[in-house]
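The values are calculated or read from the model by the stated rules, or taken from the named source; none is laboratory data. Worth saying up front: this structure is predicted, and the values here are computed from it rather than measured. In this analysis, Cβ positions are derived from the backbone assuming ideal geometry, glycine residues included, and neighbour counts consider all displayed protein chains. Accessible surface areas use protein heavy atoms only, side chains included; no ligands, DNA or RNA. Shrake-Rupley method; radii C 1.70, N 1.55, O 1.52, S 1.80 Å.
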Amino acid sequence: MNIYFKLLLFGLSLVLGTSGALYIFITHQTQKSLEQQAADKLSVQSVYMLNSIDRFIFERLKDIDLLKADPILSDPNSSATTIQQRLMRIQAQNPTYVSLSFFRKGRLRIADTENKDINKVHSLSKYWLKINADTPKIMDISRSESLGKVVMHFVAEVYDEQDEYVGTVVSRVLIDWLYEAFNEITEKYAGVETNVAVDIVDSKGVLLYSNQFEKSKFFTPYEESPLLNVLKRKPPNTFHDYGNNLYFYSKEQKNQDFIGQEWTLIFSIPKEVAYASIRDVEQRILWVFIPIFLIAILIALLFAYFISRPIMRLSRVAARIGEGDLDVKIPINYSDEIGKLGKTLRIMAAKLKGKIKEQEILNQQLSQSNQKLALKYEKINTQKNEIDKKNKAIMSSIQYAKRIQRSLLPEDNFINSFFAEYFLLYKPRDIVGGDFYWFDKITKNNVNYWVLAIADCTGHGVPGGFMSMLGNNLLTTIVSIEEKTDPAEILTLMNADIKKILHQENQNNNSQDGMEIAICVFQEGSNTVSFCNAGIPLYHIKNGVLSIHKGARLSIGGVGRLNQKHNRSFELHSQTLTLEKEDTFYLFSDGYKDQFGGKDGRTFSSKRLKQLLIENSRLPLEAQKQKIYQAWQNWQGNLKQTDDILMFGFKPPIKIQKKQEEIHKKRTKMTV
């Protein structure tokens with residue numbers, strides 16, 4: 001499509017768009033204006049109709065207030081005859097009421113102006129279900145049991161001067177009065193508009209009045225309940241489009257003196273009636289727009305021709321240049337922007353010739369550079385493949401080291417055979433880790449011993465894994481082979497062996513490699529545990545009270561400043577604790593409490609860990625493990641794991657618990 005047709009289409013689109021938008025705007029504003037006028041008129045009518053009905057109900061409720069305060073009705077000593085005569089006088093003064101009744105306790109009717117159902121108990125239904133001490137005055141529309149007609153009941157409880165319940169007074173107005181009031185108001189205010197339908201619906205969706213339905217439909221569920229649900233979600237006193245009609249609804253307004261019945265007044269007008277005047281305006285506007293539209297089309301044709309002609313000539317020249325003919329003549333001599341464009345096109349063709357020559361030289365240089373880059377890329381790719389192979393080999397070796405490290409750890413069945421209840425939380429930061437646990441049983445001098453060790457080696461990953469292997473082997477040698485059972489002696493020997501193996505005895509060696517470790521020894525036939533710890537504390541919780549056995553501030557191996565200070569007289573002493581069934585013990589490395597996380601990215605801290613252990617100490621140990629691990633995960637969030645994590649919690653061993661039970665039985669027998 002050439003520029004001429006594009007400009008022509010643009011001009012026609014502009015004319016059509018502007019005309020259409022203006023036409024739509026005018027008709028829309030006209031429709032809105034008519035709707036607003038009708039809404040204002042119906043709003044006034046609806047307010048008058050609802051206020052008229054509310055005024056009548058309000059006056060009847062005021063009457064019932066006067067009745068309940070009547071000295072004869074509120075006197076508990078008044079006889080049924082006296083009350084009957086009083087009600088007859090009140091009805092004679094106000095013929096609006098079709099009947100009045102008075103009930104004693106138990107809904108017993110003792111007086112009625114129509115002498116209906118005297119000394120009979122009214123059923124527990126209708127207004128009796130609504131009236132109570134919190135709602136001592138109500139209005140109810142239902143069928144009267146005594147009259148057999150639909151009436152408006154106005155009900156109030158009567159109390160004496162001591163605020164004691166005396167009875168209940170009921171006045172009745174035929175519902176026909178409400179129909180006559182509705183018809184009168186509708187004819188006076190809504191009848192001036194032809195084809196306007198009026199419906200009044202109560203708060204439960206029951207039709208009270210309509211000028212479009214038969215009376216048999218009154219006091220039945222409103223047939224247009226879907227419409228009612230739609231209207232209630234929209235603002236009142238405005239028009240709403242639904243089906244083939246426009247609807248206007250108004251809700252009964254509450255005020256300080258009267259809360260109202262929450263009735264809804266609905267007007268409906270057929271669209272063809274409401275929009276009849278709009279259609280006439282639309283037709284008039286259309287006849288005005290037709291000649292304007294034709295003139296605009298003619299202007300668009302002339303504009304497109306005179307503007308597109310020189311542009312099309314420049315387009316043909318540009319096509320020749322694009323084909324490689326840089327010497328083509330450009331016959332454009334206008335002094336406007338199109339002429340400037342022609343001159344610019346000549347200059348561009350001349351410069352393009354020079355650029356083509358420069359580009360040929362650059363292409364040759366680029367070709368040489370690409371050859372050099374291809375050689376370098378090939379070399380880099382070769383090196384990358386070699387690195388990938390080495391990395392794969394290293395990862396395979398580390399995975400194999402993981403299997404070896406895990407195989408050296410004691411089996412769960414072996415640990416479970418000794419401890420009555422325990423949990424183990426073991427989570428290395430990397431594939432292999434520096435934290436490890438060790439457990440074995442030895443027999444020395446015909447006595448069985450069980451030795452538990454929890455250790456945190458320096459470093460993590462592969463370096464920590466090497467140290468854990470060294471610690472594991474030393475424990476096997478010292479405990480399982482040499483049969484050492486004193487915790488302090490075991491740690492002293494481990495310290496000496498590590499220093500010897502890692503050549504840390506040399507004063508010039510500043511090696512920090514070592515481990516923090518705790519040893520617990522259980523002896524068969526004893527209800528105690530011997531332990532010694534260096535750097536790893538023993539937490540002991542009994543009946544919700546936490547005791548901490550920190551141990552020596554030393555590490556096994558290493559020649560750091562702290563060890564240089566204490567290793568001059570390296571001394572460790574074993575401690576003994578008496579085990580009881582309620583005790584719970586915890587041994588752990590510092591990886592848990594040193595985890596960064598939380599809102600501020602701080603460490604979990606010993607304080608939080610103590611509180612966590614105390615709060616969950618009465619739970620079974622497996623449940624404690626889940627709570628502890630969940631708390632760690634929540635704290636960590638999206639941050640990386642800081643260090644290896646190892647935590648071991650246990651109750652007194654099974655054999656020791658049995659020993660305690662035997663001791664308890666012996667004490668019981670001795671007491672008897």
Looking only at region 125-182, count how many residues are of a type in the set (Phe, Trp, Tyr) and touching a Phe, Trp or Tyr at 6+ places or on another chain (Cβ under 7 Å). 4
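Would it be correct to say that Val155 is exposed (fewer than 14 other Cβ atoms within 10 Å of the Cβ) and touching a strand residue (DSSP E or B) at 6+ places or on another chain (Cβ under 7 Å)? Lay out the reasoning, then the answer.
Values: exposed (fewer than 14 other Cβ atoms within 10 Å of the Cβ): no; touching a strand residue (DSSP E or B) at 6+ places or on another chain (Cβ under 7 Å): yes.
Answer is no for this residue.
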For region 496-548, which fully contained strands (runs of 3 or more DSSP E) count at least 3 residues that are out of contact with any Cys (no Cβ under 9 Å at 6 or more places or on another chain) and either under 23 Å from Ile645 (Cβ atoms) or open to solvent by 70 Å² or more (accessible area, probe 1.4 Å) (or both)? 538-542
Are there any pairs with C-beta distances below 8 angstrom linking a residue in region 405-424 that is over 25 Å from Leu613 (Cα atoms) to a residue that is among the small types (Gly, Ala, Ser), with the two at least 6 apart or on different chains, and if so which? Gln405/Gly433; Gln405/Gly465; Gln405/Ser468
Could you tell me which residue of region 266-300 is modelled with the lowest pLDDT, considering only residues that are small (Gly, Ala, Ser) and either over 19 Å from Gln29 (Cβ atoms) or surrounded by fewer than 10 Cβ atoms within 10 Å (Cβ to Cβ) (or both)? Ala300
In region 83-98, is there at least one residue being of a type in the set (Gly, Ala, Ser), surrounded by 14 or more Cβ atoms within 10 Å (Cβ to Cβ) and at negative phi? no
Mind telling me which of the residues Phe423, Phe439, Phe419 ends up being within 47 Å of the chain's Cα centre (by Cα) and modelled with pLDDT of 95 or more? Phe423
Enumeration of residues in region 556-571 that are over 56 Å from the mean Cα position of the chain (by Cα), open to solvent by less than 50 Å² (accessible area, probe 1.4 Å) and modelled with pLDDT of 65 or more: Phe570
I'm trying to understand the selection: among the residues of region 114-145, which are in a strand (DSSP E or B) and closer than 17 Å to Arg104 by Cα? Val121, Lys137
Based on what the data block shows, is Tyr426 open to solvent by 40 Å² or more (accessible area, probe 1.4 Å) and part of a strand (DSSP E or B)? yes
Selection from region 80-96 of residues that are in a loop (DSSP other than H, G, I, E, B) and modelled with pLDDT of 90 or more: none
Members of region 64-79 found to be among the aliphatic types (A, V, I, L, M), surrounded by 15 or more Cβ atoms within 10 Å (Cβ to Cβ) and assigned to a helix (DSSP H, G or I), listed by number: Ile64, Leu67
When the residues of region 572-626 are narrowed to those that are among the polar types (S, T, N, Q) and over 40 Å from the mean Cα position of the chain (by Cα), which ends up surrounded by the most Cβ atoms within 10 Å (Cβ to Cβ)? Ser574
Restricting the search to region 432-463, which residues are crowded, with 24+ Cβ neighbours inside 10 Å and assigned to a loop (DSSP other than H, G, I, E, B)? Val432, Gly433, Gly434
Among (1) touching a helix residue (DSSP H, G or I) at 6+ places or on another chain (Cβ under 7 Å); (2) at pLDDT 85 or above, there is one condition Leu366 misses while meeting the rest; what is its number? (1)
Can you pull out every residue in region 365-403 that is open to solvent by 80 Å² or more (accessible area, probe 1.4 Å), closer than 25 Å to Val432 by Cα and of a type in the set (Ser, Thr, Tyr)? Tyr400
Exactly one of Lys32, Lys41 is closer than 30 Å to Tyr209 by Cα, at pLDDT below 80 and touching an Asp or Glu at 6+ places or on another chain (Cβ under 9 Å), and that one is Lys41
